[in-house]
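We did not get these values from a lab; they are worked out from the coordinates using the rules stated. Quick caveat: nothing in here was measured; it's all calculated off a predicted structure. Backbone-built Cβ (ideal geometry, glycine too); neighbour counts: all protein chains shown.
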Amino acid sequence: MNTDKAPLAGKVALVTGGSRGIGRAIVRRLAEDGADVALTYARSAGEADAAVKEVEAAGGRGLAVPADAADPRAVTEAVARTVAALGRLDILVNNAGAGGLGPLESLSLELVDEVLAVNVRSAFLMAQAAAPHLGAGGRIVNIGSCMADRVPGPGGTLYALSKSALTGLTKALARELGGRAITANLVSPGPIDTEMNPAGGPMADGQRALTALGHFGEGADVAAMVAHLAGDGGRFVTGATLSVDGGHAA
């Protein structure tokens, strides 16, 4: 319910890749905490519309913006469309991501360009476009990966490279924007049960064994950390990497 007692009441958030998986969970949680939420999506229009309905059911305003994270113009326009429709921007969550797993010698230049465009360039461009709109108390939360800290086997070179870049981006944003009371943090999920990486999938047992807790997390676990950083609890946290990985890095 979007009331004055909700921790994010009066705030507007933009979540990239928010139509499904971890992004969808983040959209839902921010809306439950009182924010109006815009989300970007590349292909899943039906799921994006469903996510907007969840925002509205929580009492907020929702907006779905078609924007391929690999398209630099679409990325920056998503920020402008959010501000035009919802009146402001307080919270940016860079969640959209691409995989790109495979043996080093099999990775094509086209795939390298795509993964870096989606996982790195889009996060930079979104932050660049959002920064002029963020006021004191503004938040940027980048979604990374446990593979930036620990790569447990072959095939993750490109993906780990792209997610590792977010550490430097986040720290630099914290320094760049800290004087305006804007925070920037990185949330690094471990194995999370989603359509793209199901807890019952063929690779699940190996991932599960790498965690200290011995099981997959849920999108809501990542969303809870994002919500904490987006609210008053995150006001003195910036430039940090917060792992939501079940002890994958332990």
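Taking θ as phi - 60° and the Karplus parameters 6.51, -1.76 and 1.60, the scalar couplings of the stretch 88-98 work out to 5, 8, 10, 9, 10, 10, 8, 10, 4, x, 10 Hz in sequence order, x denoting glycine and proline. Most simply put, the stretch 12-244 has about 0% antiparallel DSSP beta bridges, counting only bridges with both residues inside it. Summarising the amide proton neighbourhood of residue 218: residues at separation of 5 or more, or on other chains, whose placed amide H is nearer than 5 Å comprise 193. Each principal axis of the Cα atoms in the chain has its own extent, and those three values, largest first, are 49, 38, 35 angstrom.
Normalised by the number of residues in the stretch 1-81, the mean separation of alpha-carbon contacts (under 8 Å, six or more apart) gives a relative contact order of 28 percent.
Only helical runs count toward this figure. For the chain, summing -39,500 (n - 2.57) over DSSP H runs of n ≥ 4 and dividing by all residues gives -12000 deg cm²/dmol at 222 nm. Proximity of backbone amide H atoms, modeled 1.01 Å from N, is registered between residue 63 and 37, 38, 39 at under 5 Å, excluding neighbours fewer than 5 places apart on the same chain.
Ordering 150, 73 by the number of other Cβ atoms within 10 Å of each residue's own Cβ, fewest first, gives 73, 150. In this structure, residue 77 and residue 105 have a Cβ-Cβ separation that, at R0 = 45 Å, corresponds to a calculated FRET efficiency of about 0.75. Here's the list of lysines a cross-link from residue 53 could span, going by alpha-carbon distance under 24 Å and ignoring same-chain residues fewer than 8 apart: 5, 11.
Ranked for footprinting exposure by Cβ neighbours inside 10 Å, fewest first, 65, 27, 112, 75 give 112, 65, 75, 27. Between amide H atoms placed 1.01 Å from N, distances below 5 Å from residue 96 occur with 16, 17, all of them 5 or more places distant or on a separate chain. Once C-alpha pairs closer than 8 Å and six or more residues apart are averaged by separation and normalised to the residue number of the chain, the relative contact order reads 19 percent.
Screening the chain for DSSP H helices whose Cα atoms reach 20 Å or more along their own axis and whose mean Kyte hydropathy is at least 0.0 gives 72-86, 157-177.
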